[in-house]
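Novice: Questions regarding the structure given below will be posed in turn.
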Amino acid sequence: MENEIAQNLEQKKMALAASEHAPVIIELMKDCMSKNPELVAKTEWQTIVNAITLEVQGTMLRTMVDYLEQIRREGLHNKK
């Protein structure tokens, strides 16, 4: 039963990555990103926080785009 659920989830991931809805996922992620328009803030600490936040969000977005593209090309091969 657990194996069937895992296979079904993998099939759904592959179908979503190959569908026209995949770009919507990226747009939803962009919508969730913090709206810090300026990197430089009033304090040095806040500037560091803003820089780290932007770096993490950018990395996550790029990783998702790459992952969707990889799924489209190769499918899911027991990636953990």
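The values are calculated or read from the model by the stated rules, or taken from the named source; none is laboratory data. Computed from a prediction, not measured in an experiment: that's the story for all the values here. We place every Cβ from the backbone using ideal geometry, glycine too, and count neighbours over all the protein chains shown.
Novice: Whether any residue in segment 1-17 is among the β-branched types (V, I, T) and either under 11 Å from the mean Cα position of the chain (by Cα) or not in a helix (DSSP H, G or I) (or both) is what I want to check. Spell out the reasoning first.
Specialist: Residues of segment 1-17 that are among the β-branched types (V, I, T), as a first pass: 5.
Right, trim to either under 11 Å from the mean Cα position of the chain (by Cα) or not in a helix (DSSP H, G or I) (or both) and you get none.
No, segment 1-17 contains no residue that is among the β-branched types (V, I, T) and either under 11 Å from the mean Cα position of the chain (by Cα) or not in a helix (DSSP H, G or I) (or both).
Novice: Can you say whether I5 is exposed (fewer than 11 other Cβ atoms within 10 Å of the Cβ) and either aromatic (F, W, Y) or at negative phi (or both), as far as the supplied structure shows?
Specialist: On the way: exposed (fewer than 11 other Cβ atoms within 10 Å of the Cβ): yes; either aromatic (F, W, Y) or at negative phi (or both): yes.
Yes; evaluated as a whole, the condition is true for this residue.
Novice: Being surrounded by 14 or more Cβ atoms within 10 Å (Cβ to Cβ), of a type in the set (A, V, I, L, M) and either over 17 Å from the mean Cα position of the chain (by Cα) or closer than 18 Å to P23 by Cβ (or both) is the filter here, so list the residues in segment 50-80 that pass it.
Specialist: Listed by number, the residues that qualify are A51, L61, M64, V65, L68, I71.
Novice: Something else about it: Let me confirm something: among I25, I71, I48, which residue is in a helix (DSSP H, G or I), modelled with pLDDT of 90 or more and either touching a Lys or Arg at 6+ places or on another chain (Cβ under 7 Å) or at positive phi (or both)? Walk me through it before giving the result.
Specialist: Details: I25 fails: either touching a Lys or Arg at 6+ places or on another chain (Cβ under 7 Å) or at positive phi (or both); I48 fails: either touching a Lys or Arg at 6+ places or on another chain (Cβ under 7 Å) or at positive phi (or both).
Exactly one of I25, I71, I48 is in a helix (DSSP H, G or I), modelled with pLDDT of 90 or more and either touching a Lys or Arg at 6+ places or on another chain (Cβ under 7 Å) or at positive phi (or both), namely I71.
Novice: For segment 26-40, check the following and say yes or no: at least one residue is among the aliphatic types (A, V, I, L, M), farther than 25 Å from R73 by Cβ and without any contact (Cβ under 8 Å) to a residue 24 or more places away in the chain. Walk me through it before giving the result.
Specialist: Here is the first cut: in segment 26-40, the ones among the aliphatic types (A, V, I, L, M) are 26, 28-29, 33, 39-40.
When the remaining residues are screened for being farther than 25 Å from R73 by Cβ, the result is 33, 39-40.
Then keep just the ones that are without any contact (Cβ under 8 Å) to a residue 24 or more places away in the chain; that gives 39-40.
Scanning segment 26-40 turns up at least one residue that is among the aliphatic types (A, V, I, L, M), farther than 25 Å from R73 by Cβ and without any contact (Cβ under 8 Å) to a residue 24 or more places away in the chain.
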